[in-house]
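Quick notes on the structure that follows.
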Amino acid sequence: MKYLSILMMVTAAGCATANDTGPTAMTAASAPSDVTVEKLCDGETDLPSDFAFSEDDFSLEGATRSMAFLTERINPIVSELNFSEDAAEIVRLNWDYLYIGRPNALNKINGYLLRQQAETAAPEERAAAQAKFCTFLAATAVTD
């Protein structure tokens, strides 16, 4: 829970920009090349490579952009749906955001939180937290 609070504070502080929040931004984030990050998983997955997330996709930057996307793009659509008599048309016009961008954004945030749990777990809890993250990584596909 503390990571979600941190993520929300970073987003509220304006660290994400509107230019980074489109549906295509949800599928391609990477860690800076000058940062060495310990790999937690072996990379094994049954998913096609085009639809598999990598550990680097679950970064603070990616999660922050995902929060901004949900706040700036999805929340207004949901608000419009609540007051519209033509919900089907609103969904049709916002299909990419609702059915591609939204699931990818939620997966980025969830993956980042799981990764943080694995990286910061107490030694006796680390193996279980790492296994949970790696299972998520191997089973979660990029929505396209």
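A few notes on this one:
- Of all residues making up region 41-54, the number that are over 17 Å from residue 103 (Cα atoms) and either touching a Gly at 6+ places or on another chain (Cβ under 6 Å) or not small (Gly, Ala, Ser) (or both): 6
- Scanning region 74-98 for residues that are within 22 Å of the chain's Cα centre (by Cα) and surrounded by 13 or more Cβ atoms within 10 Å (Cβ to Cβ) yields 74, 77, 78, 91, 94, 96, 97, 98.
- The condition of being buried (at least 20 other Cβ atoms within 10 Å of the Cβ), farther than 14 Å from residue 41 by Cβ and under 15 Å from the mean Cα position of the chain (by Cα) holds for residue 68.
- Leading residue by the ranking (nearest to the chain's Cα centre (by Cα)) among those in region 36-65 that are touching a residue at least 60 places away in the same chain (Cβ under 8 Å) and over 18 Å from residue 110 (Cβ atoms): 50
- Close pairs from region 94-123: first more than 17 Å from residue 75 (Cα to Cα) and assigned to a loop (DSSP other than H, G, I, E, B), partner modelled with pLDDT of 95 or more and not polar (S, T, N, Q), Cβ under 7 Å, at least 6 apart: 121/129
The values are calculated or read from the model by the stated rules, or taken from the named source; none is laboratory data. As the structure is a computational prediction, the values presented were derived from the model and not from experiment. Every residue, glycine among them, receives a Cβ derived from its backbone with ideal geometry; neighbour counts consider all protein chains shown.
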